[in-house]
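Taking it in order: structure first as structure tokens, then the write-up.
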Amino acid sequence: MKTIFVDGYNVINSWPNLKQTKDFSFEAARQILIDKLHNYGVFKACKIILVFDAHKVIGSLEKKEEVNKNISVVFTKDGETADNYIEKKVNVLGRKHEIVVVTSDSLEQQIVFQRGAVRMSSLEFYNEVLKVEKSIKIKADKNKNQHRNSISDNIDERTAEILEQIRRGK
């Protein structure tokens, strides 16, 4: 299974809709991002690790929350940036597993690439997520418009007539 590491604040500061939202509420921007990545992860059947910096929060301990089987959210510990956390994990996993790192930090992109990960800019990933959202919508609309299974689809004509007579009380 492909694993995607996402530099959370880098993405929030790059995606147009999240940039606007963060001006009012970082929490709301984080939650929107988590929701979008959840849908993406389920549709693409991949594991997403969303990493947020907490390196300036004095005394902060690393906190990891499993949202579901497709997405985990990590807040780094005091003194550790999202880049540091991602580099450490990619160093262990990079050449053994399929790893993608989403960040627009060019130095970070070079470092993770050297360690065996595929790099993707935040805007490239934004466009990828939009494509997946469109695919999900098309699939949902198609399922909604398909004929619903009814009992008459699964029984012969004679049985349907008998059931109709019973329904009408004849």
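Numbers below:
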{"item": "Residues V11, V67 arranged by fewest to most Cβ contacts within 10 Å", "result": "V67, V11"}
{"item": "Projected label distance in nm at L123 and V67, using a 7 Å step from Cα toward the beta-carbon", "result": "2.4 nm"}
{"item": "Coil-residue trypsin sites (Lys or Arg not before Pro) of the stretch 1-59, DSSP, other Cβ within 10 Å capped at 14", "result": "K2, K56"}
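Values in this text are rule-based calculations from the coordinates and carry no lab data. Fair warning: this is a prediction, and the values are worked out from it, not measured in the lab. Reconstructed Cβ throughout: ideal geometry from the backbone, glycine too, with neighbour counts over all protein chains shown.
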